[in-house]
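Questions regarding the structure given below will be posed in turn.
The values are calculated or read from the model by the stated rules, or taken from the named source; none is laboratory data. A quick note: this is a predicted structure, and the numbers were derived from the prediction, not measured. Virtual Cβ from ideal backbone geometry, glycine too; neighbours counted across all protein chains shown.
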C-alpha cells in the first residue's frame, strides 16, 4: 500500500510539473463550459446538470486517453519500466499507483465545474439530488474509462498509439448501443438477446439514470466491474513483458 | 564406352516435387487462416443484418470453419509449438486467466441486472412510478406501440416534452417489455402524422394497439411550461388497451337530441354518438331526475339542447358537477329551456335568443345558415368551413366578465371577484350580421333598435378557477381543478342530417378537448420536476461568457505561474 501511495504521489506531481494536466483541464473546462452555457441560456431551460453530463461523456472520450497515454508508454520508451518492474514493488501496486494519480487529476478537473452548479443556484432553484447523482455517475464513468486508457498505454511504447488505441476502445464502448439499429425488423430471438447484451455493455446507457437523479445498482456495478477489468488487463499486460 | 556417370556428391540437392508442393501449400496457411476468420465474421454480420439468410449464413460459416481447420492442419507443428512452447504456455495461461476474469465480469453484470435496486434521489420522486401505474403495466396483455411526434428543431417546447416523455416511458419500459417506443420528427415525416386523425397539433404521444390508438397532448402547467404527466400516459395506456375508456354522458329526459336515433337525415344524434365512440369513448344516457347527481366517472357531460324544463335538483346536480371541476359541452338554441339557460348565466355565459343572420357568410340562399369565422383554438383545430343553422348569440353574462374575453387572447385569466375566468370565442359572425329577434320575418332584415348588430359570438370555450359568483360566495369549488366547458349556440349543426360536413368534427373536437384534461386513474400528485431558469439578459450574458472562458483562463494562469516558478 505504501508503494502505491508513493507512486501515486510521484505521478500526481509529475502531471502538474508538465503542462499536460493544465492544458487538458483547460480544454475540458472550455468545452463543457461552452455547452453548459448554450444549454442553460436557451428558452425554457432546466436548472439541471443533465446537458453538462451528456456532453462531458463525449469530451472525456478523448480527454481520458490524453491523460493516461504517457503513464506506461513513456516509461517503456525511456526504458524505466524495466527498472520499475524489477524494483521490489508488485505489478498491481505500480498499476494502482498510476491509476490513482490519473483519477486524482480527473477529480481535480471536475472540481472547477462546481462553478456551473453555483451558477444554477445563483439564477434558479435546482434540485440537489440529481446534481449529486450526476457527479457520482460522471466520476464512476471516468474512473472506469481511465483503466481502459491505462491498459492502452501498457500496450505500446508510443504515446500516440496509446492515445489512439485508448480512444478507440472507449469509442467502441460509448457507441455500442448503436447496434440496436443493425438487425432488420423482427430479428431472431438470439440476435435480439445479443443486441441487448451489446447495448448493456455501452458506457453511456449506464450514465442516463445518474443524470436524471436515479442511482441504479446495475449502473454502479457495471462501472465498478469495468474498472476492475481494466486494471486486471493492465496488470496482465505488464506481466507479459516478463516472458514475451 | 562406358556410360558417363555423375558421382553422387556432385548431384545438385533437388527436393522431391511432392515436398516443394507441400511447402508451398504450408506457406498458404496464414492466408487460409485469415480467410477463415473473415468468413466467420461475414457469417456473423449476415446473421445480424439479414435475418432471412440463414442458409447462406450456415454455408459461409462452414467455409470459414473448413478454412481454419485446413490452416491448422497444414501448420500443425507451428500451432503445436505456439501452444506448448514456453511462450505458448505463458500465453495460454494468460489467455485462460483473462477469459475466466471476463467471464466473472459478465456473471457479475448479469446478476446485477437481475437483482438491482434503484434509488430515486429527485425531490418529488419523479422517476418512481405510482402503484396504479405499476399495476397497469404489470397487467398489460398486449404490446403497446408508443409513437412520439416531436420536432426538436422547432424549439424548446418539443425538446422539453420529448425529454419528459422519454424519461417516463423508459421507466415504464423497465417494468414491462410490452411498451415499445419510437420518436418521429413530424416535420421530416408529415405523412406519418397524417395517418392519425388528430384534433390538436403536435407534439403528441400516440399509444397504439391493433384495436385502437389514443393520443396524449402535453398540458401546460401554471407556470406556462408544457408537461406530460404520469397520469396522462397511464390513462392513455388504459384507453389504448381497452381496459378503461373515458365516459361521455348525454343528459336525457328534457327533449334533448336523441343519441339512440341514427336515422338518415333525422334530427337525432345517433351518428354523433358513433363518432364519439369511434374516438375511444364510452357513451351513455344520463337521467338526472333519477340519479340526482352526475356520476363520478363522467369525463365529459353533454347537454344537447334541452327543450323542457330542468327540475331544480337537476340544475343543482350539473352545477355541483362543474364546481368539482367537471367538463361539459352545452348546446343551446332558441328553444332551449330557461332553467338550463339560467345555469349558464350563473357560470358567466348569457344566451341571447333570436336567430343570427349574416349576409356576408352564409350557405345560399338562407342568410341564417351562417358560416362563422373561426378562431385559433384546439376546439376548432384545422376546421375552416362550419355552418350553424339558426344559431343564437352568446356573450359574457355581465360587463365585469368582459375582461375574460381579452384574457383568452393573452393566454391568461381575468380575476373577477377573486375567481379566475377565461372565455375564448370560438365562432363569430361578421360585422354585417345581426341577431334577428323576429323569427317569423322572411326574409330577415336588420331592424335598428330591435335587432342586435354583429359581430356576434356563436361558440365559447370557458375555463373557470373558483366559484362563478366570486371568491367566498356561492358553494365551494375544487381549488385544484377548474370548471371547463364549451357552449355552442346551435344544436342542428351536429345532427344526423348534417353528417358529411365538418360540423360533426367540431362536436368531436370539443369533446376531445374537454376529455384531454380528464384522467382515468387517480395517481398521487407529484411536484413538477421541471425547475426552469429564468434569466435576465445580463445574467444570460454573464453565463455565456464566464462559463467557457473564466475557468480555463484561471487554470492556464495557474499552469503559467507554476512554469514561472520552476523556470
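Can you name the number of the only condition in (1) assigned to a loop (DSSP other than H, G, I, E, B); (2) at negative phi that residue B:381 fails?
(2)
Name every residue in the stretch B:237-282 that is out of contact with any helix residue (DSSP H, G or I) (no Cβ under 9 Å at 6 or more places or on another chain), buried (at least 21 other Cβ atoms within 10 Å of the Cβ) and more than 26 Å from residue B:293 (Cβ to Cβ), in order of residue number.
Within the stretch B:237-282, B:240 is the sole residue that qualifies.
Taking the residues in the stretch A:31-40 that are at the interface with chain B (Cβ under 7 Å from one of its Cβ atoms) and buried (at least 19 other Cβ atoms within 10 Å of the Cβ) as candidates, determine which candidate is nearest to residue A:125 (Cα to Cα). Spell out how you get there, then give the answer.
As a first pass, look at the stretch A:31-40 and keep what is at the interface with chain B (Cβ under 7 Å from one of its Cβ atoms): A:33-34, A:36-37, A:40.
Checking the rest, the ones that are also buried (at least 19 other Cβ atoms within 10 Å of the Cβ) come to A:33, A:36-37, A:40.
Details: A:33: 20, A:36: 17, A:37: 17, A:40: 13 Å.
Filtering the stretch A:31-40 for residues that are at the interface with chain B (Cβ under 7 Å from one of its Cβ atoms) and buried (at least 19 other Cβ atoms within 10 Å of the Cβ), the one nearest to residue A:125 (Cα to Cα) comes out as A:40.
On to the next question. Considering only the stretch A:100-120, how many residues are within 11 Å of chain B (Cβ to nearest Cβ) and closer than 18 Å to residue A:40 by Cβ?
Of the residues in the stretch A:100-120, the ones within 11 Å of chain B (Cβ to nearest Cβ) are A:108-109, A:111-116, A:118-120.
Checking which are closer than 18 Å to residue A:40 by Cβ leaves us with A:112-116, A:118-120.
Of the residues in the stretch A:100-120, 8 are within 11 Å of chain B (Cβ to nearest Cβ) and closer than 18 Å to residue A:40 by Cβ.
Here is a yes/no grid of residues against (1) surrounded by fewer than 11 Cβ atoms within 10 Å (Cβ to Cβ); (2) assigned by TED's automatic domain parsing to the domain that holds residue B:72; (3) at pLDDT 70 or above; (4) touching a helix residue (DSSP H, G or I) at 6+ places or on another chain (Cβ under 6 Å):
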site	(1), (2), (3), (4)
B:10	yes, no, no, no
B:17	yes, no, no, no
B:34	no, yes, yes, no
B:41	no, yes, yes, no
B:50	no, yes, no, no
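Now for a different question. Under 7 Å between Cβ atoms, which residue pairs at least 6 apart in sequence (or on different chains) link something in the stretch A:154-174 that is under 10 Å from residue A:73 (Cα atoms) with a partner that is part of a loop (DSSP other than H, G, I, E, B)?
A:162/A:156
Any residue that is away from every other protein chain (no Cβ under 13 Å), in contact (Cβ under 8 Å) with a residue 60 or more places away in the chain and either in contact with a helix residue (DSSP H, G or I) (Cβ under 7 Å, 6 or more places away or on another chain) or assigned to a loop (DSSP other than H, G, I, E, B) (or both) - is there at least one of those in the stretch A:43-50? Quick ask: steps written out before the conclusion?
To start, the set of residues in the stretch A:43-50 that are away from every other protein chain (no Cβ under 13 Å) comprises none.
Within the stretch A:43-50, not a single residue is away from every other protein chain (no Cβ under 13 Å), in contact (Cβ under 8 Å) with a residue 60 or more places away in the chain and either in contact with a helix residue (DSSP H, G or I) (Cβ under 7 Å, 6 or more places away or on another chain) or assigned to a loop (DSSP other than H, G, I, E, B) (or both).
Can you go through B:138, B:189, B:126, B:164 and tell me which one is more than 26 Å from residue A:193 (Cβ to Cβ) and surrounded by fewer than 16 Cβ atoms within 10 Å (Cβ to Cβ)? Steps first, please.
Details: B:138 fails: more than 26 Å from residue A:193 (Cβ to Cβ); B:126 fails: surrounded by fewer than 16 Cβ atoms within 10 Å (Cβ to Cβ); B:164 fails: surrounded by fewer than 16 Cβ atoms within 10 Å (Cβ to Cβ).
One residue alone meets the criteria, B:189.
While we're looking at this one, here's another question. Take the stretch A:18-30 and flag every residue that is within 14 Å of residue A:70 (Cβ to Cβ), surrounded by fewer than 20 Cβ atoms within 10 Å (Cβ to Cβ) and more than 7 Å from chain B (Cβ to nearest Cβ). It would help to see each step written out before you state the result.
As a first pass, look at the stretch A:18-30 and keep what is within 14 Å of residue A:70 (Cβ to Cβ): A:18-21, A:23-24.
Narrowing the set further to residues that are surrounded by fewer than 20 Cβ atoms within 10 Å (Cβ to Cβ) leaves A:18-20, A:23.
Scanning the stretch A:18-30 gives A:18, A:20, A:23.
Can you tell me which of B:334, B:316, B:345 is touching a residue at least 24 places away in the same chain (Cβ under 8 Å), in the same structural domain as residue B:437 (by TED's automatic domain parsing) and in a helix (DSSP H, G or I)?
On the way: B:334 fails: in a helix (DSSP H, G or I); B:316 fails: touching a residue at least 24 places away in the same chain (Cβ under 8 Å).
Answer to the check: B:345.
Do the conditions hold for residue B:91, that is, is it in a helix (DSSP H, G or I), loosely packed, with under 14 Cβ neighbours inside 10 Å and either within 13 Å of chain A (Cβ to nearest Cβ) or in contact with a helix residue (DSSP H, G or I) (Cβ under 6 Å, 6 or more places away or on another chain) (or both)?
Details: in a helix (DSSP H, G or I): yes; loosely packed, with under 14 Cβ neighbours inside 10 Å: no; either within 13 Å of chain A (Cβ to nearest Cβ) or in contact with a helix residue (DSSP H, G or I) (Cβ under 6 Å, 6 or more places away or on another chain) (or both): yes.
Against the criterion (in a helix (DSSP H, G or I), loosely packed, with under 14 Cβ neighbours inside 10 Å and either within 13 Å of chain A (Cβ to nearest Cβ) or in contact with a helix residue (DSSP H, G or I) (Cβ under 6 Å, 6 or more places away or on another chain) (or both)), residue B:91 does not qualify.
Could you pull out the residue among A:85, A:150, A:132 that is away from every other protein chain (no Cβ under 14 Å), surrounded by fewer than 23 Cβ atoms within 10 Å (Cβ to Cβ), at negative phi and part of a helix (DSSP H, G or I)? First the steps, then the outcome.
Numbers: A:150 fails: surrounded by fewer than 23 Cβ atoms within 10 Å (Cβ to Cβ); A:132 fails: away from every other protein chain (no Cβ under 14 Å).
Criteria check complete, one pass: A:85.
Then there's this: When only residues in the stretch A:201-225 that are at the interface with another protein chain (Cβ under 7 Å from one of its Cβ atoms) and in a helix (DSSP H, G or I) count, which is nearest to residue B:125 (Cα to Cα)?
Initial filter on the stretch A:201-225 (at the interface with another protein chain (Cβ under 7 Å from one of its Cβ atoms)): A:212-218, A:221-222, A:225.
From the residues that got through so far, the ones that are in a helix (DSSP H, G or I) too are A:212, A:217-218, A:221-222, A:225.
Working: A:212: 11, A:217: 17, A:218: 19, A:221: 23, A:222: 24, A:225: 28 Å.
If we take residues in the stretch A:201-225 being at the interface with another protein chain (Cβ under 7 Å from one of its Cβ atoms) and in a helix (DSSP H, G or I), then A:212 is nearest to residue B:125 (Cα to Cα).
Something else now. Restrict the check to the stretch B:466-476 and report whether at least one residue is assigned by TED's automatic domain parsing to the domain that holds residue B:322 and closer than 24 Å to residue B:503 by Cα. Step through it out loud before you land on a result.
Pass one, the stretch B:466-476, residues assigned by TED's automatic domain parsing to the domain that holds residue B:322: B:466-476.
So of that shortlist, the ones also closer than 24 Å to residue B:503 by Cα come out as none.
No; the residues of the stretch B:466-476 include none that is assigned by TED's automatic domain parsing to the domain that holds residue B:322 and closer than 24 Å to residue B:503 by Cα.
For the structure I just gave you, tell me whether residue B:530 is at pLDDT below 85 and within 14 Å of another protein chain (Cβ to nearest Cβ). Before you say what the answer is, go through the steps one by one.
Details: at pLDDT below 85: yes; within 14 Å of another protein chain (Cβ to nearest Cβ): yes.
Yes; evaluated as a whole, the condition is true for this residue.
Name, by its number, the condition in (1) surrounded by fewer than 15 Cβ atoms within 10 Å (Cβ to Cβ); (2) at pLDDT 90 or above; (3) touching a strand residue (DSSP E or B) at 6+ places or on another chain (Cβ under 9 Å) that does not hold for residue B:297.
(2)
Keeping to the stretch A:153-162, report how many residues are surrounded by fewer than 23 Cβ atoms within 10 Å (Cβ to Cβ) and assigned to a helix (DSSP H, G or I). Before the answer, list the steps.
Let us first name the residues in the stretch A:153-162 that are surrounded by fewer than 23 Cβ atoms within 10 Å (Cβ to Cβ), namely A:155-161.
With assigned to a helix (DSSP H, G or I) added as a condition, the list becomes A:155, A:159-161.
So the answer is 4.
Another question, if that's okay. Go through the residues of the stretch A:96-109 one by one and say whether even a single one is buried (at least 16 other Cβ atoms within 10 Å of the Cβ), in contact with a helix residue (DSSP H, G or I) (Cβ under 8 Å, 6 or more places away or on another chain) and closer than 30 Å to residue B:533 by Cβ. Show your work before the answer.
Initial filter on the stretch A:96-109 (buried (at least 16 other Cβ atoms within 10 Å of the Cβ)): A:96-106, A:109.
Applying the additional criterion that residues be in contact with a helix residue (DSSP H, G or I) (Cβ under 8 Å, 6 or more places away or on another chain) yields A:96-106, A:109.
Cutting the leftovers down to closer than 30 Å to residue B:533 by Cβ gives us A:106, A:109.
Yes, the stretch A:96-109 has at least one match.
Now for a separate question. Of the residues in the stretch B:52-80, how many are over 51 Å from the mean Cα position of the chain (by Cα), at pLDDT below 85 and surrounded by 13 or more Cβ atoms within 10 Å (Cβ to Cβ)?
4
Only one residue in B:100, B:82, B:71 is more than 30 Å from residue A:238 (Cβ to Cβ), outside the structural domain of residue B:226 (by TED's automatic domain parsing) and part of a helix (DSSP H, G or I). Which one? Can you show your working first?
Working: B:100 fails: more than 30 Å from residue A:238 (Cβ to Cβ); B:82 fails: more than 30 Å from residue A:238 (Cβ to Cβ).
Criteria check complete, one pass: B:71.
What are the residues in the stretch B:281-309 that are within 16 Å of residue B:504 (Cβ to Cβ) and outside any strand (DSSP E or B), if any? Give the steps one after another, and end with the answer.
The first filter runs over the stretch B:281-309 and keeps only residues within 16 Å of residue B:504 (Cβ to Cβ), leaving B:281, B:283, B:300, B:302, B:304-305.
Matches in the stretch B:281-309: B:305 only.
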